[in-house]
There are 2 protein chains.
Amino acid sequence: QRDTLARCRCQDEGTNVIHPNRIQRLEVYPPSASCPNVEIIVTLKDNRGQKCLNPESKFAKNYIKSAIKKRSAE
Amino acid sequence: QRDTLARCRCQDEGTNVIHPNRIQRLEVYPPSASCPNVEIIVTLKDNRGQKCLNPESKFAKNYIKSAIKKRSAE
């Protein structure tokens, strides 16, 4: 099982919380031939790189649900 | 309001449904200075390009919720 994870983008579960204001973009990768896990990769604002976000974390679930509920910022 | 939307990635609401098997990646852009809307951009498998997905569509909500529920494919 070890080698399958080697081709995943995230080598660990990822962080459980990221401050929403720091999030520029969120990428969700469904399970695929190259990686059996759902992976969420957050791109941080101000060119501060990327972080893996734990799809199981309460923050991830709540953040994504609120993002798809929010029609727009106005 | 027209010009604000001009800097959004999606120039219309986007499609309401995309067959899950065609989805390689999903990008969620929260509202930002450049675009007041939540935008979801799907990258299709087999280099078939990208599509805007309507964040308000039932499919988008269900697909994303199931993606973050599913621990992994096994």
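The values are calculated or read from the model by the stated rules, or taken from the named source; none is laboratory data. Keep in mind the model is a prediction, meaning the values are calculated, not measured. With ideal geometry, Cβ positions are generated from the backbone for all residues, glycine too; neighbour counts draw on all protein chains shown. Side chains are part of the model used for accessible areas, which takes the heavy atoms of the whole protein and leaves out ligands, DNA and RNA. Shrake-Rupley method; radii C 1.70, N 1.55, O 1.52, S 1.80 Å.
Restricting attention to segment B:56-70, and to residues there that are charged (D, E, K, R) and without any contact (Cβ under 8 Å) to a residue 12 or more places away in the chain, which single residue is most open to solvent (accessible area, probe 1.4 Å)?
Filtering segment B:56-70 for residues that are charged (D, E, K, R) and without any contact (Cβ under 8 Å) to a residue 12 or more places away in the chain, the one most open to solvent (accessible area, probe 1.4 Å) comes out as B:69.
Can you tell me how many residues in segment B:41-58 are closer than 12 Å to residue B:27 by Cβ and at pLDDT below 95?
The qualifying residues number 1.
If you take the residues in segment B:13-41 that are of a type in the set (Val, Ile, Thr) and at the interface with chain A (Cβ under 10 Å from one of its Cβ atoms), which one is farthest from residue A:22 (Cα to Cα)?
B:23
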